[in-house]
Amino acid sequence: QVTLKESGPGILQPSQTLSLTCTFSGFSLSTYGMGVGWIRQPSGKGLEWLANIWWDDDKYYNPSLKNRLTISKDTSNNQAFLKITNVDTADTATYYCARTYNYFDYWGQGVMVTVSS
Amino acid sequence: EIVLTQSPTTTAASPGEKVTITCLASSSVSNMYWYQQKSGASPKLLIYSTSSLASGVPDRFSGSGSGTSYSLTINTMEAEDAATYYCQQWSSNPLTFGSGTKLEIK
């Protein structure tokens, strides 16, 4: 059974760094072809892809945020991470992690992140 | 960046009615993926590789298309299908989603 669960700070202030963790089970990020992605969704709005990391440590970023994003993984502990630097109120959203091929077949429940002073 | 334009933005259907949602890509893509998101829930994969049904998805859902034009069809609308639907491509970077189609039950 594949499950993913996101965790994060809940609330943070503008200019801080957002650190998110995705803890998963039922698959391994050392398996050929496997990936984990991060997607966010502001309240009442659509989905925005942020970044992906693959079994071979290849990484892809959304160029609209690339300079602010860092994705990484801890294969032995079945975790993936995303850092977003210099956050702003526009980064307020629900953040999802999802298992990836060229699409997202399993999603976490999402974690709400609010950026507010 | 490939822009995906979904239509309609919002629609409503009666139980038993056929529903078609369209996703137009700004450049040709090799495959399209579709997700369903119910209120307060995470998105759920419906269709992968344009026309393959994800595990557990009822066969009243189907996908088709090629090049720049793709569609998701619900053959007979049911109340539980009320949701927002998104298309997605990754034929080229960056991965992009459509802006969503909200489907309501009449």
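The values are calculated or read from the model by the stated rules, or taken from the named source; none is laboratory data. Because the structure is predicted, anything quoted here is derived from the model rather than measured. In case anyone asks, the SASA skips ligands and DNA or RNA and just uses the protein heavy atoms, side chains included. Shrake-Rupley method; radii C 1.70, N 1.55, O 1.52, S 1.80 Å.
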Stretchable slack from A:ASP57 to A:ASP105, in nm (0.36 nm times residue separation minus alpha-carbon distance): 15.3 nm
Shielded by partner chains, the range B:32-53 residues - at least 20 Å² of accessible area, 1.4 Å probe, vs chain alone: B:TYR33, B:TYR35, B:GLN37, B:SER42, B:PRO43, B:LEU45, B:TYR48
Cα-based reach from B:LYS102 at 20 Å (exclusive), listing lysines while leaving out same-chain residues under 8 positions away: A:LYS45, B:LYS18, B:LYS38, B:LYS44
Residues along the range A:85-114 losing 40 Å² or more of accessible surface when the other protein chains are present rather than the chain by itself (probe 1.4 Å): A:ASN102, A:TYR103, A:PHE104, A:TRP107
B:ASP59, A:ASP91, A:ASP105, ranked by accessible area, largest first (probe 1.4 Å): B:ASP59, A:ASP105, A:ASP91
Å² of accessible area per residue within chain B, as computed with a 1.4 Å probe and no ligands counted: 43
Convex hull of Cα atoms in chain B, direction-averaged projection (nm²): 5.9
Heavy-atom surface of chain A, accessible at 1.4 Å and reported per residue (Å²): 47
Buried solvent-accessible surface, both chains (A, B), 1.4 Å probe, Å² to nearest 100: 1500
Potential extension, A:GLN1-A:SER72 segment - 0.36 nm per residue separation minus Cα distance: 23.2 nm
Those residues of the range B:71-106 for which accessible area with every protein chain present is at least 30 Å² below the isolated value (1.4 Å probe): B:TYR86, B:TRP90, B:ASN93, B:PRO94, B:LEU95, B:PHE97
Chain B, accessible surface, carbon-and-sulfur percent (1.4 angstrom probe): 45
Nearest-10 value in Å² for the accessible area of A:MET112, using the 1.4 Å probe: 130
